[in-house]
Amino acid sequence: MKAYQRFRQKYKSSFLLLASALVITDFFGHLINGTIAVFVYASDKDWIYFDKSNILCSIFGICMVFSGLCPLFLGSLMAIERCIGVTKPIFHSTKITTKHVKMMLSGVCFFAVFVALLPILGHRDYKIQASRTWCFYKTDQIKDWEDRFYLLLFAFLGLLALGVSFVCNAITGISLLKVKFRSQQHRQGRSHHFEMVIQLLGIMCVSCICWSPFLVTMASIGMNIQDFKDSCERTLFTLRMATWNQILDPWVYILLRKAVLRNLYVCTRRCCGVHVISLHVWELSSIKNSLKVAAISDLPVTEKVTQQTST
């Protein structure tokens, strides 16, 4: 948030705004869900004693769905924003303003809230799961199409967000590599290529590894492929894997920064004694380098020579 106030440029403010929203969403998701979970364990999972009206279970289920879908949607939105910023830098700087990003961010949050409130609006309650430690959509003995629809909708939206993130990040990485090999003379942009590709790989791996098992499990239960009672422990394990995504999200951006990557490179080079990549000064910010290199690579040859002479 401090960086957002310091850097008011469009190409930085959009990314920083979405990243701040992701961190805040992850924090409050863990804070609310974690508090309720600790209270449930402290009460020996006696839901009948402390939640006779099923209000706490409904709050728990709503927070579970919202804190699950909203970070995935935000990650997908960040991937789309980065993809447009790298592949179409001029369009991104002129058409995608901070106001538009705030509108998309609000739309994503409201849509996640709407999906979380669907069972309540449909006069369906969130159900205590077999382990009696968390609440979610009805997953046991599903006979109604509406209960099946909620599970399939949650799984479909989550897998769709992961798919969009994967495709956009892949396009971004391929575009950055193409620009790197096509613009070998722009040394100041090389650091951004390595940093961005490594960050994209880290984000994709964390999201897919953490969320895919839980989403696939919910989809299989919704399609009646597996019985929930027979896989209670496995489902609880996949849920714990999904919560790790919210813990690791901020650390992916914190650890895979240019300063950390530079130190890792220096340590690796000293240990291995192999010169793999020429280390140079990381002069400008990574996003600015990406826009400059991408814009120069798309210019005609005469304009490229003019810009190189002026610099």
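General observations
- P(r) histogram, all alpha-carbon pairs of the range 21-127 included - 10 Å bins from 0, percent: 13, 35, 27, 15, 8, 3, 0
- Taking the protein heavy atoms of the range 38-188 in the context of the full set of protein chains, the accessible area attributed to carbon and sulfur is 69 percent at 1.4 Å.
- Normalised per residue, the volume of the convex hull around the Cα set of the range 11-70 (Å³): 61 Å³
- Percent of Cα pairs exceeding the 13 Å cut-off, where the set is the range 115-154: 49 percent
- Values of log10 I(q)/I(0) for the range 66-158 across q = 0.15, 0.16, 0.18, 0.22 Å⁻¹ run -0.69, -0.75, -0.85, -1.10, by the Debye formula with one identical scatterer at each alpha carbon and no solvent.
The values are calculated or read from the model by the stated rules, or taken from the named source; none is laboratory data. All values reported here derive from a predicted model rather than from experimental measurement. Surface accessibility is based on the protein's heavy atoms, side chains included, excluding ligands, DNA and RNA. Shrake-Rupley method; radii C 1.70, N 1.55, O 1.52, S 1.80 Å.
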